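Asker: Before anything else, here's the structure in question.
The values are calculated or read from the model by the stated rules, or taken from the named source; none is laboratory data. Just so it is clear, the structure is predicted and the values come from calculations on it, not from any experiment. FYI the Cβ positions are ideal-geometry reconstructions off the backbone, even for glycines, and counts take in every protein chain you see.
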Amino acid sequence: MDVRMRINPIACVGHGLCAELLPERVTLDEWGYPVVSAEPVPPRLEAHARRAVTDCPALALKLERIR
Amino acid sequence: MRQTATMAWPMQAGATASPGLHRLLPPSRRQPGADLAGHVRAHGPLPYYGAAGGLIAEIRSARLTGRGGAGFPVAVKMTAVADSRGRAVVVGNGAEGEPASRKDKQLLWLSPHLVLDGLQLAAETVGARRAYLYVHRDDRLHRLLADALAERSAAGCDRVAVELVAAPPRFLAGEESALANRVAGGLALPTFKQPRIFERGVGGAPTLVQNVETLAHVALIARRGAAWFREVGTAAEPGSMLVTCHHAGGASRVSEVPIGAPLADVLGLGREPAQAVLTGGYHGTWIPAAQAALLPLTNSALRQAGATLGAGVLAALPSQSCGLAETARVLRYLAAESAGQCGPCLSGLPRIAGAFTQLSQLEPDRRCLADLERWAGLVAGRGACHHPDGTVRLVRSALGVFSGEIERHLRGRCTADRAPAGGPGRVPATAPASFLPLPADVPAGGAGPAGSPRSRRDWR
Ligand SMILES: Cc1cc2nc3c(=O)[nH]c(=O)nc-3n(C[C@H](O)[C@H](O)[C@H](O)COP(=O)(O)O)c2cc1C
Ligand code: SF4
Ligand code: SF4
């Protein structure tokens with residue numbers, strides 16, 4: 001089952017923590033807000049992705065199934 | 001045009017008919033909406049179908065699409081709401097926050113009972129017991145609608161009670177998640193929609209949101225049938241639509257036209273010299289006038305020009321205006337209308353408006369072009385609502401269509417400049433641009449970020 005990261009831009013406050021935890025899928029733009037890739041998260045990165053989801057202080061991230 | 005064959009309103013003797021079709025709007029616009037008795041004389045009584053879902057087949061066969069901007073098939077949305085779990089709610093969307101659009105206010109003013117009939121039919125179709133009419137904050141219009149509702153309840157023709165809700169005069173007020181928040185008593189701010197409004201909208205109920213013009217078409221289709229509806233328009237996009245036209249000569253008016261009518265005729269392109277046409281309003285697309293003059297008013301033709309009909313706003317930019325100054329002013333307005341909830345929208349839109357404002361001045365710094373490209377890419381698709389995406393659409397089409405004007409500005413000249421003298425950053429003589437209609441409080445030009453965050457009160 002493929003999954004990808006999804007961000008709620010209203011909740012996100014731009015801590016940038018997610019970009020440290022999952023640099024393969026999240027980079028920061030020039031204002032410090034995360035640019036989240038729509039590419040699937042491969043199994044080897046899934047643990048890091050889950051960590052980013054649970055550690056986001058704004059609970060703005062989630063992993064969603066790709067339909 | 002088969003105007004007489006499809007007329008819904010009897011012509012009054014001696015009245016001069018306004019041009020276009022008269023399915024939704026009466027030929028004379030001198031009086032506000034007819035009383036209920038006059039409405040029933042013109043259109044016949046409200047034909048309830050007696051069963052949830054009864055009308056959907058007719059609407060599907062009419063191929064009716066939403067007139068609020070997205071053009072989504074109405075039968076598909078009604079089916080989705082009817083199939084969602086829980087008792088549905090219906091909302092007629094007459095927020096019309098777009099400053100260049102007047103068609104919904106005109107329709108509500110001239111034919112309120114047609115919209116209210118459509119609201120009842122929509123409620124019956126999805127099995128709703130609550131209905132709301134969400135309308136741009138305007139005291140006269142609200143009084144007229146309250147009277148119309150009182151008249152209907154005295155006559156006993158409504159099966160579902162309708163609550164009138166005022167929409168704040170904000171560009172985003174009619175976005176459906178903002179609408180759902182406001183109708184539930186909150187602020188008219190968009191939310192991150194998951195699940196969609198048709199599954200969980202007002203107070204968590206499955207919610208059918210339809211534009212008020214869409215509802216008026218529903219009321220006519222219920223009476224006259226899908227075949228009648230399809231007598232005008234094209235096979236793929238049947239029916240008529242309301243348009244708000246801003247002519248190059250300065251006149252602006254609302255009319256009803258068959259879908260597929262020549263854009264040049266609708267907008268009077270042959271009569272007054274125009275350089276470009278804006279379609280789809282301030283989230284829309286500029287098209288060079290020569291190209292626009294050849295297009296029929298259909299979504300399929302406009303899509304090939306990278307545009308859509310949107311909510312029917314058309315504007316012909318006069319030859320002597322500066323398209324950059326006009327676009328810059330709209331962008332400052334759009335930046336100030338951001339709800340400021342999402343980082344990229346909050347950070348990007350004012351910068352985009354600032355860079356575009358620089359471009360609208362003489363001898364701008366060439367680097368603002370690269371900034372615009374980069375920021376457009378950074379904000380697109382990164383908001384909770386489509387506000388950044390619509391803004392980017394306008395920016396990109398303006399950069400393309402007005403590329404000649406950009407070159408002129410870089411060389412210190414401007415189409416609108418009657419006194420070409422002075423130095424870098426000078427504002428052309430006819431500025432501030434003022435062709436496209438905007439509220440009076442749009443932030444003035446300047447290179448810095450435009451606008452200031454709105455207070456919570458502004459969203460009520
Ligand atoms: C920024 C924004 C503003 C909108 N404003 C309006 C509006 O004023 N009136 C309207 O009917 N739809 C508006 N819409 C579209 C609504 O979200 C919704 O799609 C529409 O009301 C559905 O009705 P329809 O299918 O009959 O068009 C807006 C959408 C966006 C993204
Ligand atoms: S960690 Fe959460 S709040 Fe911080 S930037 Fe990432 S998504 Fe936004
Ligand atoms: S994208 Fe912009 S306008 Fe839309 S909700 Fe976010 S901040 Fe508000």
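Asker: Hey, can you tell me all the residues within segment A:16-45 that are over 12 Å from the mean Cα position of the chain (by Cα) and in a loop (DSSP other than H, G, I, E, B)?
Answerer: A:ASP29, A:GLU30, A:TRP31, A:GLY32, A:PRO42
Asker: Ok, one more. Quick one: would you say B:LEU349 is hydrophobic (A, V, I, L, M, F, W, C), within 14 Å of chain A (Cβ to nearest Cβ), assigned to a helix (DSSP H, G or I) and within 23 Å of the chain's Cα centre (by Cα)?
Answerer: So B:LEU349 fits the description; yes.
Asker: Shifting gears a bit: Between B:GLY203, B:GLY186, which is without any contact (Cβ under 8 Å) to a residue 40 or more places away in the chain, in the same structural domain as B:LEU116 (by TED's automatic domain parsing) and surrounded by fewer than 24 Cβ atoms within 10 Å (Cβ to Cβ)?
Answerer: Values: B:GLY203 fails: without any contact (Cβ under 8 Å) to a residue 40 or more places away in the chain.
Only one candidate qualifies: B:GLY186.
Asker: Got a sec? Which of B:ALA290, B:ALA328, B:ALA307 is in a helix (DSSP H, G or I), over 20 Å from B:PRO169 (Cα atoms), in contact (Cβ under 8 Å) with a residue 60 or more places away in the chain and more than 14 Å from chain A (Cβ to nearest Cβ)?
Answerer: Working: B:ALA290 fails: in contact (Cβ under 8 Å) with a residue 60 or more places away in the chain; B:ALA307 fails: in a helix (DSSP H, G or I).
Within the list B:ALA290, B:ALA328, B:ALA307, the selection yields B:ALA328.
Asker: Pairs only if they're at least six apart or on different chains, beta carbon under 6 angstrom, first in segment A:3-25 and facing another protein chain (nearest Cβ under 8 Å) and over 11 Å from A:SER37 (Cα atoms), second among the aromatic types (Phe, Trp, Tyr) and more than 6 Å from ligand 2 (Cβ to nearest atom); list them, first residue then second.
Answerer: A:ASN8/B:PHE192; A:ILE10/B:PHE192; A:GLY14/A:TYR33
Asker: Considering (1) in contact with a helix residue (DSSP H, G or I) (Cβ under 9 Å, 6 or more places away or on another chain); (2) over 22 Å from B:HIS386 (Cβ atoms); (3) near ligand 2 (Cβ under 9 Å from one of its atoms), say which one A:HIS15 fails and leave the rest.
Answerer: Looking at each condition in turn, A:HIS15 falls short on (1).
Asker: Hey, among B:ARG152, B:ARG200, which residue is more than 16 Å from ligand 2 (Cβ to nearest atom), of a type in the set (Lys, Arg) and either farther than 29 Å from B:LEU21 by Cβ or in contact with a strand residue (DSSP E or B) (Cβ under 6 Å, 6 or more places away or on another chain) (or both)? I'd like the intermediate steps shown before the answer.
Answerer: On the way: B:ARG152 fails: either farther than 29 Å from B:LEU21 by Cβ or in contact with a strand residue (DSSP E or B) (Cβ under 6 Å, 6 or more places away or on another chain) (or both).
Result of the check over B:ARG152, B:ARG200: B:ARG200.
Asker: Can you pull out the residues in segment B:331-346 that are touching a helix residue (DSSP H, G or I) at 6+ places or on another chain (Cβ under 6 Å) and within 14 Å of chain A (Cβ to nearest Cβ)? Lay out the reasoning, then the answer.
Answerer: Within segment B:331-346, the subset touching a helix residue (DSSP H, G or I) at 6+ places or on another chain (Cβ under 6 Å) is B:331-332, B:334-335, B:338, B:340, B:344-345.
Residues satisfying the conditions are B:SER338, B:GLY340, B:PRO344, B:CYS345.
Asker: How many of the residues in segment A:28-45 are surrounded by 13 or more Cβ atoms within 10 Å (Cβ to Cβ), more than 16 Å from ligand 3 (Cβ to nearest atom) and of a type outside the set (A, V, I, L, M)?
Answerer: Our first condition is that a residue be surrounded by 13 or more Cβ atoms within 10 Å (Cβ to Cβ); within segment A:28-45, this holds for A:28-29, A:31-37, A:40-41, A:45.
Still in the list and also more than 16 Å from ligand 3 (Cβ to nearest atom): A:28, A:37, A:40-41, A:45.
Going one step further and asking which of them are of a type outside the set (A, V, I, L, M), we end up with A:37, A:40.
Matching residues across segment A:28-45 total 2.
Asker: Let me ask another. What is the number of the single condition among (1) more than 10 Å from the chain's Cα centre (by Cα); (2) near ligand 2 (Cβ under 10 Å from one of its atoms); (3) at the interface with chain B (Cβ under 9 Å from one of its Cβ atoms); (4) not acidic (Asp, Glu) that A:PRO57 does not meet?
Answerer: For A:PRO57, the exception is condition (3).
Asker: Now a separate question. Can you tell me which residue within segment B:376-389, out of those that are surrounded by 22 or more Cβ atoms within 10 Å (Cβ to Cβ) and in a helix (DSSP H, G or I), is nearest to ligand 1 (Cβ to nearest atom)?
Answerer: B:HIS387
Asker: So, one more: Between a residue in segment B:379-393 that is within 9 Å of chain A (Cβ to nearest Cβ) and any residue that is more than 16 Å from ligand 2 (Cβ to nearest atom) and part of a loop (DSSP other than H, G, I, E, B), which pairs come within a Cβ distance under 6 Å, given they are 6 or more apart or on different chains?
Answerer: Partner pairs satisfying both residue conditions: B:ALA384/B:PRO190.
Asker: If you take the residues of segment B:28-44 that are in contact with a Pro (Cβ under 9 Å, 6 or more places away or on another chain) and assigned to a loop (DSSP other than H, G, I, E, B), which of them is surrounded by the fewest Cβ atoms within 10 Å (Cβ to Cβ)?
Answerer: B:PRO32
Asker: Which of the following residues is among the small types (Gly, Ala, Ser) and touching a strand residue (DSSP E or B) at 6+ places or on another chain (Cβ under 6 Å): B:GLY268, B:GLY249, B:GLY260, B:GLY280?
Answerer: Working: B:GLY268 fails: touching a strand residue (DSSP E or B) at 6+ places or on another chain (Cβ under 6 Å); B:GLY249 fails: touching a strand residue (DSSP E or B) at 6+ places or on another chain (Cβ under 6 Å); B:GLY280 fails: touching a strand residue (DSSP E or B) at 6+ places or on another chain (Cβ under 6 Å).
From the options B:GLY268, B:GLY249, B:GLY260, B:GLY280, the qualifying one is B:GLY260.
Asker: Under the condition of being in a loop (DSSP other than H, G, I, E, B) and modelled with pLDDT of 95 or more, which residue from segment B:199-243 is nearest to ligand 3 (Cβ to nearest atom)? Show your work before the answer.
Answerer: First, the residues of segment B:199-243 that are in a loop (DSSP other than H, G, I, E, B): B:199-201, B:205-206, B:230-232, B:234-237, B:239.
Among the residues that remain, those that are also modelled with pLDDT of 95 or more are: B:230-232, B:234-237, B:239.
Details: B:ARG230: 36, B:GLU231: 40, B:VAL232: 36, B:THR234: 33, B:ALA235: 36, B:ALA236: 32, B:GLU237: 29, B:GLY239: 31 Å.
This residue is B:GLU237.
Asker: Are there helices (runs of 4 or more DSSP H) fully within segment B:45-120 with at least 3 residues that are buried (at least 21 other Cβ atoms within 10 Å of the Cβ)? List them. Outline the logic, then answer.
Answerer: Working: elements: B:56-62, B:74-83, B:103-110.
The helices (runs of 4 or more DSSP H) meeting that bar are B:74-83, B:103-110.
Asker: Then there is this: Take A:ILE66 and decide whether it is touching a Cys at 6+ places or on another chain (Cβ under 8 Å) and either more than 8 Å from ligand 2 (Cβ to nearest atom) or away from chain B (no Cβ under 13 Å) (or both). Can you show your working first?
Answerer: Details: touching a Cys at 6+ places or on another chain (Cβ under 8 Å): no; either more than 8 Å from ligand 2 (Cβ to nearest atom) or away from chain B (no Cβ under 13 Å) (or both): yes.
No.
Asker: A further question follows. Look at B:THR125 and say whether it is assigned by TED's automatic domain parsing to the domain that holds B:ARG41, among the hydroxyl-bearing types (Ser, Thr, Tyr), surrounded by 24 or more Cβ atoms within 10 Å (Cβ to Cβ) and over 23 Å from the mean Cα position of the chain (by Cα).
Answerer: Details: assigned by TED's automatic domain parsing to the domain that holds B:ARG41: yes; among the hydroxyl-bearing types (Ser, Thr, Tyr): yes; surrounded by 24 or more Cβ atoms within 10 Å (Cβ to Cβ): yes; over 23 Å from the mean Cα position of the chain (by Cα): yes.
Judged against the criteria, B:THR125 is a match.
Asker: Considering every residue within segment B:148-163, establish whether at least one is in a strand (DSSP E or B), out of contact with any Asp or Glu (no Cβ under 9 Å at 6 or more places or on another chain) and under 22 Å from B:PRO45 (Cβ atoms). Before the answer, list the steps.
Answerer: Of the residues in segment B:148-163, the ones in a strand (DSSP E or B) are B:162-163.
Keeping just the survivors that are out of contact with any Asp or Glu (no Cβ under 9 Å at 6 or more places or on another chain) gives B:162-163.
Right, trim to under 22 Å from B:PRO45 (Cβ atoms) and you get B:162.
Yes, that holds for at least one residue.
Asker: All but one of (1) over 14 Å from B:GLY92 (Cα atoms); (2) within 8 Å of ligand 1 (Cβ to nearest atom); (3) out of contact with any Ser or Thr (no Cβ under 7 Å at 6 or more places or on another chain) hold for B:ALA188; which doesn't?
Answerer: (2)
Asker: Can you pull out every residue in segment B:251-277 that is more than 18 Å from B:LEU302 (Cα to Cα), among the small types (Gly, Ala, Ser) and without any contact (Cβ under 8 Å) to a residue 40 or more places away in the chain?
Answerer: B:ALA251, B:GLY270
Asker: Could I ask something else about it? Condition (residue is under 27 Å from B:THR191 (Cα atoms), away from chain A (no Cβ under 14 Å) and surrounded by 24 or more Cβ atoms within 10 Å (Cβ to Cβ)) applied to segment B:357-364: is it met by at least one residue? Steps first, answer last, please.
Answerer: Within segment B:357-364, the first condition is being under 27 Å from B:THR191 (Cα atoms), and the residues that meet it are none.
The answer is no, given that none of the residues of segment B:357-364 is under 27 Å from B:THR191 (Cα atoms), away from chain A (no Cβ under 14 Å) and surrounded by 24 or more Cβ atoms within 10 Å (Cβ to Cβ).
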